[in-house]
Amino acid sequence: MTSPAPGVLDCIEELLSRRPDLIPTESNVLRILEAGISHDASGVLDWLFACNPALTVTEQMLKNCRNPVNLSFLLSRETTGDQGLVLSLMGAVVEESKDLALWEMLKLPARLAVLLDHAPRAKLSGKVIGHIMQSGDLGNIGRILDRDPDASLTAKDISTMIGIRKTVALQRDFVDFLRKHHDRYSMSDVRLAVGSLCISSEDDELQTKNLYHDLAGWS
């Protein structure tokens, strides 16, 4: 879906400022969420809720929200504390991102980060955890490890994350990540993954392997 220019949202906000008598409805919010699919519409949303104090955040609003800033705004107004709803939203995001090529394009890492931070004690399904672990998204993988003391990186997780990082700089980021979470993986799994590493430039491959050799416990 092609979203309209941010100017559309500006026009709506101007209209609301001129017509304080308007009483927004849920359908108005849903239309704004659609218009702001790739833009921050939280200012306009704030106007809508201010114009109608009886307006509440609904499940459909949360499901229709694709922008992480707007999602954060809605969750900040969601008063039921329904952990099940947040878990359902996480599941929906995972289903939406079955093709990991769309992971960044659909702003899925940012949206998942908002949901994970909003419900730090919610028990995640194995499907959600597995998908995040295989995504290569270090920020959200770190969130999973931080929230669950029993979570660990498997050999498959490590191999995936090493394999998708095609530059020395990206590999360095992952090595720093492994240093931070040094108690959540087996060094034998890292050695196995590094041994099968293949980067187009032999020099880059050598530099990358040397990065891992510096990890504590390599030898």
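For the stretch 208-219, name all the residues that are part of a helix (DSSP H, G or I) and of a type in the set (A, V, I, L, M, F, W, C).
The one that is part of a helix (DSSP H, G or I) and of a type in the set (A, V, I, L, M, F, W, C): LEU211.
Residue pairs, Cβ under 6 Å, 6 or more apart or interchain, first in the stretch 156-181 and more than 17 Å from LEU206 (Cβ to Cβ), second charged (D, E, K, R). List them.
So the pair list comes out as ILE158/ASP189.
Take the stretch 69-83 and flag every residue that is modelled with pLDDT under 85 and under 18 Å from the mean Cα position of the chain (by Cα).
Scanning the stretch 69-83 gives a single hit, GLN83.
Mind checking which residues of the stretch 24-55 are among the polar types (S, T, N, Q), in a loop (DSSP other than H, G, I, E, B) and either surrounded by 14 or more Cβ atoms within 10 Å (Cβ to Cβ) or assigned by TED's automatic domain parsing to the domain that holds SER88 (or both)? Full working, then the answer.
Just the residues of the stretch 24-55 that are among the polar types (S, T, N, Q), to begin with: 25, 27-28, 38, 42, 52.
Filter once more, so that each one left must be in a loop (DSSP other than H, G, I, E, B): 25, 38, 52.
Result: SER38, ASN52.
Can we say ASP157 is over 14 Å from the mean Cα position of the chain (by Cα), surrounded by fewer than 18 Cβ atoms within 10 Å (Cβ to Cβ) and of a type in the set (Asp, Glu)?
In short, no.
If you check LEU108, LEU62, LEU115, which single one turns out to be touching an Asp or Glu at 6+ places or on another chain (Cβ under 8 Å) and under 19 Å from LEU138 (Cα atoms)?
Selected residue: LEU108, the only one of LEU108, LEU62, LEU115 that is touching an Asp or Glu at 6+ places or on another chain (Cβ under 8 Å) and under 19 Å from LEU138 (Cα atoms).
When only residues in the stretch 10-23 that are touching a residue at least 24 places away in the same chain (Cβ under 8 Å) and assigned to a helix (DSSP H, G or I) count, which is surrounded by the fewest Cβ atoms within 10 Å (Cβ to Cβ)? Walk me through how you get there before you give the answer.
Initially, the stretch 10-23 is screened for residues touching a residue at least 24 places away in the same chain (Cβ under 8 Å), giving 12-13, 16-17, 20, 22-23.
Pick out the ones that are also assigned to a helix (DSSP H, G or I) and you get 12-13, 16-17.
Numbers: ILE12: 20, GLU13: 18, LEU16: 18, SER17: 9.
Applying the filter and picking the extreme gives SER17.
Would it be correct to say that VAL128 is over 30 Å from HIS213 (Cα atoms), not in a loop (DSSP other than H, G, I, E, B) and not assigned by TED's automatic domain parsing to the domain that holds PHE73?
Values: over 30 Å from HIS213 (Cα atoms): yes; not in a loop (DSSP other than H, G, I, E, B): yes; not assigned by TED's automatic domain parsing to the domain that holds PHE73: yes.
Yes: the conditions hold for VAL128.
Please find, within the stretch 61-80, the residue that is nearest to LEU48 (Cα to Cα) out of those that are assigned to a loop (DSSP other than H, G, I, E, B) and of a type in the set (Ser, Thr, Tyr).
First, pick out the residues of the stretch 61-80 that are assigned to a loop (DSSP other than H, G, I, E, B): 65-67, 78-80.
This time we only want the ones that are of a type in the set (Ser, Thr, Tyr), so: 79-80.
Values: THR79: 17, THR80: 20 Å.
Selected residue: THR79.
Please enumerate the residues belonging to the stretch 160-207 that are surrounded by 15 or more Cβ atoms within 10 Å (Cβ to Cβ) and assigned to a loop (DSSP other than H, G, I, E, B).
ARG165, HIS181, ARG184, TYR185, LEU197, ILE199
If the Cβ limit is 6 Å and pairs must be 6+ apart or interchain, which residue in the stretch 68-88 that is in contact (Cβ under 8 Å) with a residue 12 or more places away in the chain and closer than 14 Å to THR58 by Cβ pairs with which residue that is outside any loop (DSSP other than H, G, I, E, B) and of a type in the set (Val, Ile, Thr)?
LEU71/VAL114
Of all residues in the stretch 1-39, which are of a type in the set (D, E, K, R) and modelled with pLDDT of 85 or more?
Correct list: GLU26, ARG31.
The values are calculated or read from the model by the stated rules, or taken from the named source; none is laboratory data. Here the structure is a predicted model, which means the values were calculated and not measured. All Cβ positions, glycine included, derive from the backbone under ideal geometry; neighbour counts span all protein chains shown.
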